[in-house]
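Each remark here refers to the structure printed beneath this line.
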Number of protein chains: 2
Amino acid sequence: MERIGFIGLGIMGKPMALHLLKAGYPLAVLEKNKAAAELVEAGAHAYATNSAVAENSDIVITMLPDSPDVQEVVFGADGILQGIKPGSLFIDMSTIAPAVAKNLYEVFQQQAVGALDAPVSGGQVGAEAATLSIMVGGSDKAFARALPLFQCMGKNIVHIGEAGAGQTTKACNQMIVGMTIQAVAEAFTLAKKAGVNLEKMREVLLGGFAQSRILDLHGKRIIDQNFKPGFKIKLHRKDMNIILQAGKEYGVPLYGSALVAAHMDALIAQGNGELDHSALALLFEKMADI
Amino acid sequence: MERIGFIGLGIMGKPMALHLLKAGYPLAVLEKNKAAAELVEAGAHAYATNSAVAENSDIVITMLPDSPDVQEVVFGADGILQGIKPGSLFIDMSTIAPAVAKNLYEVFQQQAVGALDAPVSGGQVGAEAATLSIMVGGSDKAFARALPLFQCMGKNIVHIGEAGAGQTTKACNQMIVGMTIQAVAEAFTLAKKAGVNLEKMREVLLGGFAQSRILDLHGKRIIDQNFKPGFKIKLHRKDMNIILQAGKEYGVPLYGSALVAAHMDALIAQGNGELDHSALALLFEKMADI
């Protein structure tokens, strides 16, 4: 079996790495990481540097917060690029800018290392239950090599296209989710101010053209005023940044996305960045004096 | 059985009236209407004025394009108000401003006439198949009286609350639909410009948090560039007007809705008002030089 190096053992990465370990893959982790001890106890090998993790792996997976974090572990001192061997495969499962993903692909290609961008959706629950959606960009060959690993971590696994296509798809996912939350929050605020029973409204709207998973799940959260994350506003705001950067790069004016980002900024400034992204409704309620 | 007067025999009203006729209700229509001949042939009685239709009915239903049309047939010369008798029921199934619906309720109440606002969603297909969603505002008593009629025309029938609650719910439906189309159009335009396979993207996004009926149906339309209506942009724009008016009335700043309305205005100015509302994507593609 291929030896896996897994860098980024946070609330998403740790359960994902554990699934690979349970499936029998030899696993290398970074010993500095707090979660590493638990994985070492379960059978993983710990190394002192990203370079050493890469040197002792056939496939290196990263699962980190943002583009600069991925660039740091790849290009930084004792980074992946220094240790990784020709014929290896690099898979970034973080959510980062499509342009950065494409650049990483080119850099690794020069070292005869394959690369995939494979961001996920489904959150902590999906990571723990191994039911993540995985959106993959890169070559057919690299995708085929990585597929058995993806199948240990997710369910809805789609090879979208070439390098960067996975990240672009993830960006589109986050755009649609953000704007749909805005739509539901705006509508529910109007209805609440007008004295309409929100539970009944949600019921009838779910039966028609306005139906969405957001209306279902976040509509319920808004009614119950339950904003315990879930997916934190400040993390979604980070993704909005990636989206707006991609819009700028491709020359697509992203009006709705920019609006959602501005509303998230206001919530973060009010000290609500740790709340679930459905708390966008709080801003509307505040503006409407509810 | 109660005698029904049906005013507004357009693409929605005609099939709705036919369902009532088929269920055995005596039906009165306005003889001026082009569709009336077909209904008379099927057994309806034709009268020369709205007043006469109301005079010869126990329940009067209106299904008209906009608030002023409903106000005209109620308050105008030989209008419903002149003919309707105490103890009757007035049901407006048009999509109009919640404030107008509330005013109509009060006016009819002074005449000892019950009133319901009962806008629908589901479009021409839903009207023909008798599968409309019907969102009802008004008293329990009036709702109970109207329910057998609604069951001839729709499936998802919910009594939301007091007078105006049906129209507010419909406004919220149209807001969410409009903003979700904007979300999908914006995302698909970015992905298209980035060279991503839209069919694969739609597939993976439908499996996650971005799922919506709009992503499913209008996502497909955008991919196929099939903008044959469906629901025309100019009609949705009319509804956005009702929404923005309600936002102003209740003091709720409807950022996303205002944005969607502005984009629809641009499309209408470009001569695209007759296209399906999913054609919002055309404006984004134009701006992105696709």
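The values are calculated or read from the model by the stated rules, or taken from the named source; none is laboratory data. What you see is a predicted model, and the numbers here were worked out from it, not measured in a lab. Methodologically, a virtual Cβ is constructed for each residue, glycine included, from the backbone with ideal geometry; neighbour enumeration extends over all protein chains shown. Note: areas computed on protein heavy atoms with side chains; ligands, DNA, RNA excluded. Shrake-Rupley method; radii C 1.70, N 1.55, O 1.52, S 1.80 Å.
Exactly one residue out of A:PHE231, A:PHE209 is aromatic (Phe, Trp, Tyr) and closer than 30 Å to A:ALA23 by Cα, and it is A:PHE231. Residue-level analysis places B:ILE243 outside the set of residues that are surrounded by fewer than 18 Cβ atoms within 10 Å (Cβ to Cβ) and either farther than 26 Å from A:GLY207 by Cβ or facing chain A (nearest Cβ under 9 Å) (or both). Against the conditions (1) open to solvent by 60 Å² or more (accessible area, probe 1.4 Å); (2) closer than 20 Å to A:VAL260 by Cα; (3) of a type outside the set (Lys, Arg); (4) in a helix (DSSP H, G or I), A:GLU203 satisfies every one except (2). Just one of the listed residues (A:ALA42, A:ALA37, A:ALA101, A:ALA46) is in contact with an Asp or Glu (Cβ under 6 Å, 6 or more places away or on another chain), among the aliphatic types (A, V, I, L, M) and farther than 24 Å from A:VAL136 by Cα, and it is A:ALA46.
Within the stretch A:51-79, the set of residues being in contact with a strand residue (DSSP E or B) (Cβ under 6 Å, 6 or more places away or on another chain) and under 21 Å from A:MET1 (Cα atoms) comprises A:VAL53, A:ALA54, A:ASN56, A:SER57, A:ILE59, A:VAL60, A:ILE61, A:THR62.
The condition of being open to solvent by less than 10 Å² (accessible area, probe 1.4 Å) and either at pLDDT below 95 or within 18 Å of the chain's Cα centre (by Cα) (or both) holds for only one of B:THR168, B:THR189, that being B:THR168.
Yes/no per residue for (1) in the same structural domain as A:GLN270 (by TED's automatic domain parsing); (2) among the hydrophobic types (A, V, I, L, M, F, W, C); (3) under 22 Å from the mean Cα position of the chain (by Cα):
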site: A:GLU203; (1), (2), (3): yes, no, no
site: A:LEU206; (1), (2), (3): yes, yes, no
site: A:ALA210; (1), (2), (3): yes, yes, no
site: A:ARG213; (1), (2), (3): yes, no, yes
site: A:ARG221; (1), (2), (3): yes, no, yes
site: A:ASP224; (1), (2), (3): yes, no, no
site: A:LYS228; (1), (2), (3): yes, no, yes
site: A:ILE233; (1), (2), (3): yes, yes, yes
site: A:ASN241; (1), (2), (3): yes, no, yes
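Evaluated against (1) farther than 23 Å from B:GLY247 by Cβ; (2) part of a helix (DSSP H, G or I), B:LYS155 falls short on exactly one condition, (2).
Confirm whether A:VAL252 is crowded, with 20+ Cβ neighbours inside 10 Å, outside any helix (DSSP H, G or I) and at pLDDT 95 or above. So A:VAL252 passes the test.
For the stretch B:194-209, the criterion of being of a type in the set (D, E, K, R) and touching a residue at least 60 places away in the same chain (Cβ under 8 Å) is met by no residue. The residue list A:SER257, A:SER278 contains one member that is within 30 Å of B:SER121 (Cβ to Cβ), at the interface with another protein chain (Cβ under 7 Å from one of its Cβ atoms) and in a helix (DSSP H, G or I), which is A:SER257. When we screen A:GLY114, A:GLY126, A:GLY79 for residues that are surrounded by 15 or more Cβ atoms within 10 Å (Cβ to Cβ), at pLDDT below 95 and either touching an Asp or Glu at 6+ places or on another chain (Cβ under 7 Å) or not assigned by TED's automatic domain parsing to the domain that holds A:ILE176 (or both), the only hit is A:GLY126. Looking at the stretch B:232-252, can you tell me whether even one residue there is in contact with an Asp or Glu (Cβ under 8 Å, 6 or more places away or on another chain) and without any contact (Cβ under 8 Å) to a residue 12 or more places away in the chain? There is at least one residue in the stretch B:232-252 that is in contact with an Asp or Glu (Cβ under 8 Å, 6 or more places away or on another chain) and without any contact (Cβ under 8 Å) to a residue 12 or more places away in the chain. Within the stretch B:10-39, residues that are assigned by TED's automatic domain parsing to the domain that holds B:SER51 and open to solvent by less than 50 Å² (accessible area, probe 1.4 Å) have Cβ atoms under 6 Å from residues that are basic (Lys, Arg) and not in a loop (DSSP other than H, G, I, E, B) in these pairs: B:ALA35/B:LYS14, counting only partners at least 6 apart in sequence or on another chain.
On the stretch given as the stretch A:255-272, residues that are open to solvent by less than 10 Å² (accessible area, probe 1.4 Å) and not β-branched (Val, Ile, Thr) total 5. For the stretch A:27-40, the condition holds for no residue, the condition being that it is in a loop (DSSP other than H, G, I, E, B) and modelled with pLDDT of 95 or more. For the stretch B:42-128, the helices (runs of 4 or more DSSP H) that sit wholly inside it and include 1 or more residues that are touching a residue at least 60 places away in the same chain (Cβ under 8 Å) are B:67-75, B:80-83, B:98-110.
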